[in-house]
Structure formats: structure tokens, C-alpha cells
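The structure appears below as C-alpha cells.
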Amino acid sequence: MQKTRLVQAPLIALILAACNSADADAPPLRSLAEQDPTASAGEPTEAAEPGEQVTIRVSGIEGQVEIADDEAERSRGLMFREKLGENDGMLFIYPRERTLGFWMKNTLIPLDIAYADREGRIVDIQQMEPQTLETHDSAAPAQYALEMNQGWFEANGVGIGDRIEF
């Protein structure tokens with residue numbers, strides 16, 4: 001049985017390497033919106049049940065966020081949600097830094113988004129209006145995007161250069 005494990009380990013490493021290199025050539029997220037913003041094929045039609053939650057801290061303020069770390073979770077995001085708790089949100093995690101872009105199609109609540117680099121340092125914060133097709137591109141490469149209720153970052157004194165700890 002140990003021989004099988006030794007053979008499988010390099011195979012798994014090769015598969016993972018192939019997946020990571022394929023992502024390296026992936027276009028920025030905004031290109032999905034540019035293809036056909038009115039297309040609905042494959043889109044979720046209702047809110048997902050809240051997923052895995054973790055506690056984060058930003059400028060000393062704690063919050064509970066859902067983790068969106070795979071394609072399906074990132075695509076659904078906070079669509080069709082009618083409310084968020086005061087210090088609740090969603091943390092989008094990507095495999096590497098790149099220009100990220102988000103839009104608000106099928107998102108019912110106004111949100112702020114903070115883009116953060118691989119170290120969790122906020123590089124950009126933007127306000128997003130519900131149910132719009134406008135793409136909000138990160139001002140710098142980012143690996144994380146944190147969506148919170150609109151006004152949350154300003155109300156809590158969070159700005160560019162602050163870190164998201166999770």
C-alpha cells in the first residue's frame with residue numbers, strides 16, 4: 001500500500017500544478033460581465049444558505065463573514081440576500097493576486113467592497129449599488145475581496161492600508 005501512496009503523491013502534485021498554471025492565464029473576473037451582462041444561463045436564481053463562517057478583524061472591529069473560495073461560491077456571492085447583519089459580510093478568496101472586478105446583478109442590498117492584497121492589506125474600497133451591471137474593478141491587484149453593508153468601512157474608520165485579519 002505504501003508504493004501506491006508514493007505513486008499517487010507525484011500525480012496529485014502534477015494535477016495541482018496544472019490547475020494552478022491554468023489559473024495563471026485566467027482573465028480578470030470583469031471579463032465575465034463584459035461577455036453578456038444580461039445572460040442568465042447557469043446563474044443562481046435564489047440566495048444560497050449561509051456557508052462556512054469565520055471571524056475577521058479589520059481595524060479592531062470584529063465581523064462574521066462567509067467564505068467564498070471556490071468558483072460556485074464566488075459566482076453566487078450575496079445574490080438575492082435581503083439583509084446582512086451589522087458586522088456580517090462575505091470574504092472572497094482567490095488563488096493568486098490579480099485585478100478583480102465585481103458587479104451587483106441580482107444583489108438586493110447596497111454593499112461596500114474592500115480589495116486586499118495577498119497579505120490582507122486593503123488596496124481599494126468602493127461603494128456598490130444594488131442590481132446594477134457596473135463593474136467595480138480593483139485599483140490594484142488583489143487576492144481577497146471583502147463585501148460588507150454599504151457604509152461599514154467608513155463608519156468603522158477602515159481605510160486603504162488597513163489589514164483584514166482572518
Select from the stretch 51-60 the residues that are at pLDDT 95 or above and not charged (D, E, K, R) and write down the one among them that is surrounded by the most Cβ atoms within 10 Å (Cβ to Cβ).
-> VAL58
Tally, over the stretch 81-104, of residues that are in a loop (DSSP other than H, G, I, E, B) and surrounded by 15 or more Cβ atoms within 10 Å (Cβ to Cβ) | 7
What about GLY161, is it surrounded by fewer than 20 Cβ atoms within 10 Å (Cβ to Cβ) and small (Gly, Ala, Ser)?
-> yes
Have a look at ALA33, ALA68 and point out the one that is at pLDDT 50 or above and in contact with a Phe, Trp or Tyr (Cβ under 6 Å, 6 or more places away or on another chain).
-> ALA68
Output for Cβ contacts, cut-off 6 Å, separation at least six or different chains, first residue farther than 15 Å from ARG57 by Cα and free of Cβ contacts under 8 Å to residues at least 60 places away in the same chain in the stretch 141-163, second among the basic types (Lys, Arg) and part of a loop (DSSP other than H, G, I, E, B), reads GLN143/ARG118
Failed condition for THR132, given (1) assigned to a loop (DSSP other than H, G, I, E, B); (2) within 19 Å of GLU73 (Cβ to Cβ); (3) β-branched (Val, Ile, Thr), with all others met?
-> (2)
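The values are calculated or read from the model by the stated rules, or taken from the named source; none is laboratory data. Because the structure is a prediction, the values reported are computed rather than measured. Because the Cβ atoms are built from the backbone with ideal geometry, glycine has one as well, and the counts that use them run over all protein chains shown.
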